[in-house]
1. Only Cα pairs under 8 Å and at least 6 apart count here; give the relative contact order of the chain as a rounded whole percent.
2. Give the dimensionless ratio obtained when the Cα radius of gyration of region 1-120 is divided by 2.2 N^0.38 Å.
3. Nearest 500 deg cm²/dmol is fine: what mean residue ellipticity at 222 nm does the chain get from its DSSP H runs of n ≥ 4 alone, each adding -39,500 (n - 2.57), divided by its residue count?
4. For q values of 0.11, 0.15, 0.18 Å⁻¹, compute log₁₀ I(q)/I(0) with the Debye formula on a Cα-only model of region 1-64, without solvent.
5. Using the heavy atoms of the protein chains and a 1.4 angstrom probe, tell me the accessible area per residue for the chain in square angstrom.
6. Assuming R0 = 22 Å, can you tell me the calculated FRET efficiency for the pair Val122 and Phe102, based on Cβ-Cβ distance, to the nearest 0.05?
7. Expressed as a whole percentage, what fraction of the accessible surface of the chain belongs to carbon and sulfur atoms when a 1.4 Å probe is rolled over the protein heavy atoms?
8. Give me a comma-separated list of calculated 3J(HN,Hα) values for region 4-10, in order, Karplus coefficients 6.51, -1.76, 1.60 applied at θ = phi - 60°, integers in Hz, x for any Gly or Pro.
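The values are calculated or read from the model by the stated rules, or taken from the named source; none is laboratory data. Being a predicted model, the structure only gives us computed values, none of them experimental. Positions of Cβ are backbone-derived with ideal geometry, glycine not excepted, and every protein chain shown enters the neighbour counts. Quick note on the areas: whole protein, heavy atoms, side chains included, nothing else; ligands and nucleic acids left out. Shrake-Rupley method; radii C 1.70, N 1.55, O 1.52, S 1.80 Å.
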Amino acid sequence: MVAASLVLFVGMLRLVLGRGQFQRRPGAVVVVSVIVVVFGMLFGKYGATAFGLPWWIYYPLPALLTIVLPPVVFRLNWKRTLAYVLLSALSAPLIHVLFSFFLGWDEYMPFIAVPSLASLFVG
């Protein structure tokens, strides 16, 4: 799931930044992607399970980081920021629905119930 999320996130950055800025700042793209996706997912996973944090800490903090960090780091204008925020708001549910439906992995957004493909045939 982390790999798929990274691919989706980098694709979003490529789309929002445009080819020029995306190619000029590969280091920033990698660092921002790792912080937002890898750190965000690890914080959410271990915040919920290992550390027993309440949902209002382990879920909104990575989401806030996702929304704020790229526009600040890449100095996006308001149009690109709006496009990025809309795409990022759609990407998390999209990943959740795909992984829940096709693989039965429903931990990413457990408050959105999505039946798995297998459960439709078994149930």
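1. Values: 92 pairs, mean separation 26.3, N = 123.
Reported relative contact order: 21 percent.
2. Working: Rg = 15.1 Å, N = 120, 2.2 N^0.38 = 13.6 Å.
Scaled against compact globular proteins, the figure is 1.11.
3. On the way: 7 runs with 90 residues, N = 123.
Computed mean residue ellipticity for the chain: -23000 deg cm²/dmol.
4. -0.30, -0.52, -0.67
5. On the way: 7790 Å² over 123 residues.
Spelled out: the 1.4 Å probe surface of the chain, per residue, equals 63 Å².
6. Values: r = 15 Å, r/R0 = 0.67.
Efficiency, from the Cβ-Cβ distance: 0.90.
7. Numbers: 5780 of 7790 Å².
Ligands and nucleic acids excluded, carbon and sulfur give 74 percent.
8. Result, ordered by residue: 5, 5, 4, 4, 4, 5, 4 Hz.
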